[in-house]
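One structure below.
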Amino acid sequence: MSVWERRWALPLAIFALCAGVYCATSAHRLLRPSPNNHYVHLAHAWLEGRLDLGGDPPGTNDWACFDTVSRGPCPAGQYRFSGPDAERYRWYVSFPPLPAILLLPVVAIFGFATLDALFWALFAGAAPALLFIVLRFLRESGRSGRSPRDDLLVTTLFAIGSVYYFVAAQGTVWFAAHVVAAACVCLYLSCSFGARRPALAGLALGLAFLSRPATLLLAPFFLLEAVTAAKQEPRAPSDSAFRILRTLGTFAVPLAAAAVFAMWHNAARFGDPFEFGHRFLQIRWRSRIETWGLFSTHYLPRNLTVFFLSMPWLIQSSPFVRISRHGLALWFTSPNLLWSLWPKKADTTVVALWAAVLPTALCTLLYQNTGWVQFGYRFSLDYLPLLFVLVALSGRRFGVAFLSCAAFAILVNTFGAVTFDRYPQFYDDDPTQQVIFQPD
């Protein structure tokens with residue numbers, strides 16, 4: 001076996017094993033198109049030479065409707081238009097387009113019969129494999145003192161001991177975006193340590209942005225890594241400054257190209273390069289978006305409540321456990337993340353990781369939605385790979401407490417992956433978004 005084959009054997013095995021687990025957990029979902037296959041419809045529209053759907057949407061869940069006359073939202077509560085109204089009110093997929101780009105060749109063959117859940121379950125194996133590559137690099141470069149076994153444990157916790165597991169087993173539009181973005185974020189990390197591959201790092205972050213825009217706020221990690229790498233070399237200050245600027249420029253070019261593409265796509269649809277279309281979603285709580293915007297401190301108390309305090313409800317009758325549609329707190333689904341909070345040594349790498357995590361987390365906490373409907377706080381996936389890297393870099397021993405939390409996390413997230421959107425008796429049926437805690 002060649003050196004290249006030895007290097008890639010384990011990551012490829014992780015990819016295959018994780019993809020197999022996600023497919024097995026998805027089960028019957030793999031046999032038909034998902035009920036919310038927005039990206040299939042977006043890819044199909046492109047193949048027909050359109051940016052809109054060319055007619056009414058196939059359902060009522062998170063489709064954007066744009067009034068081409070008033071340049072604003074369509075009349076509230078309407079999902080079907082006929083006659084002249086069908087030309088005036090046009091339907092769009094407002095979610096960023098990278099997942100649809102990935103689906104293009106498959107949709108070109110199978111059309112609306114594309115088994116998108118199968119595609120995304122297979123694709124979901126990429127993020128754990130790439131995360132393992134990141135952890136291996138940190139170990140081999142001396143930044144991490146972990147053993148190969150420790151790296152495999154952290155990878156396992158991300159793959160099946162976090163909300164990534166339930167997301168990977170779904171296949172529908174919101175969860176597919178997380179699956180794609182998580183892989184891009186892991187690739188971004190792999191290329192960013194030491195700012196060793198600036199062009200590829202910029203491309204990876206740009207692709208993550210084209211799936212989950214909040215990931216753009218992970219850019220400070222590369223910036224700080226580039227500064228640190230330049231300072232560690234014995235160069236004159238002017239040479240170091242020049243190297244930093246050159247590295248950042250190389251990083252910025254592909255990232256800017258991705259941003260320009262998104263802006264063109266937005267402007268071509270809505271006449272505004274900064275409008276993805278979420279403002280035009282035909283949803284019941286559109287009034288709060290019109291009042292407070294998509295991002296506001298108004299949403300922070302509710303989002304923090306879900307992030308920190310949402311717990312399972314214990315009830316007296318079968319099935320004895322019930323979960324809010326807002327999902328469970330992040331620390332409950334992944335208690336091992338607590339090890340990231342007190343590293344033995346807060347070196348420049350740890351500081352750079354937190355400098356990326358905190359603004360990205362704040363952005364999601366200011367969003368108008370908690371992640372509804374979900375098993376756990378899925379918006380954390382925008383930065384979750386970085387938190388697991390921080391766990392590996394904490395320097396803390398993976399002892400009995402850590403392993404006990406790991407067993408709990410795998411059990412909890414396996415339950416979520418198996419039951420979510422499949423066994424409704426375990427989940428609250430409140431349709432209003434008002435119920436977070438168990439009613440009195």
Worksheet entry | Helix-only CD estimate at 222 nm, as mean residue ellipticity for the chain, using -39500 (n - 2.57) per DSSP H run (n ≥ 4) | -17500 deg cm²/dmol
Fill in: Alpha-carbon gyration tensor eigenvalues x 5, square-rooted, for segment 46-151, Å
44, 17, 11
Response to the item:
Per the rule of 0.36 nm per residue minus the C-alpha distance, extending Phe261 to Leu31 adds in nm 79.4 nm
Worksheet item: For segment 404-421, what does the Karplus curve 6.51 cos²θ - 1.76 cosθ + 1.60, with θ = phi - 60°, yield as ³J(HN,Hα) per residue in whole Hz, taken in order and with x for Gly and Pro?
Response: 5, 5, 5, 4, 4, 4, 5, 5, 5, 6, 5, 4, x, 5, 7, 8, 4, 6
Item to complete: Starting from the Cα-Cα distance between Trp331 and Arg196, subtract it from 0.36 nm times their residue separation and give me the gain in nm to one decimal.
Response: 45.3 nm
Worksheet, complete the sentence: Taking Cα pairs closer than 8 Å and at least 6 residues apart, the relative contact order of segment 3-426 in percent is 20 percent
Response to the item:
Quick note on Tyr89, Tyr367, ordering by fewest other C-beta atoms within 10 Å, gives Tyr367, Tyr89
Response to the item:
Around Ala262 (Cβ within 13 Å, Cβ-to-Cβ, excluding Ala262; K/R +1, D/E -1) the net charge comes to 0
Fill in: Note, ³J(HN,Hα) from phi for segment 253-266, Karplus 6.51, -1.76, 1.60, rounded to Hz, x at Gly and Pro
4, x, 5, 5, 4, 5, 5, 5, 4, 4, 5, 4, 4, 5
Worksheet item: In whole Å, what three semi-axes, largest first, describe the equivalent ellipsoid of segment 324-419 built from its Cα gyration tensor (square root of 5 times each eigenvalue)?
Response: 24, 20, 8
Item to complete: Would you mind checking which residues have amide H under 5 Å from Val321's amide H? H placed 1.01 Å from N; only 5 or more apart, or other chain.
Response: Ile315
Worksheet item: Relative contact order, percent, of segment 133-277 when contacts are C-alpha pairs under 8 Å separated by at least 6 residues?
Response: 18 percent
Item to complete: Find the Cα radius of gyration of segment 275-350, compare it with 2.2 N^0.38 Å by division, and give the number to two decimals.
Response: 1.59
Worksheet item: How large is the Kirkwood hydrodynamic radius of segment 1-107, in angstrom, based on all distinct alpha carbon pairs?
Response: 16.8 Å
Worksheet entry | Relative intensity, log₁₀ I(q)/I(0), of the chain from a Debye sum that treats every alpha carbon as a point, q = 0.07, 0.12, 0.14 Å⁻¹ | -0.35, -1.06, -1.42
Worksheet, complete the sentence: Taking N as the residue count of segment 192-274, its alpha carbon Rg divided by 2.2 N^0.38 Å gives 1.26
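Rule-based calculations on the coordinates, nothing more; no lab input. The model shown is predicted, which means the values in this text are computed figures rather than measured ones. Every residue, glycine as well, gets a Cβ built from its backbone with ideal geometry; the counts of neighbours run over all protein chains shown.
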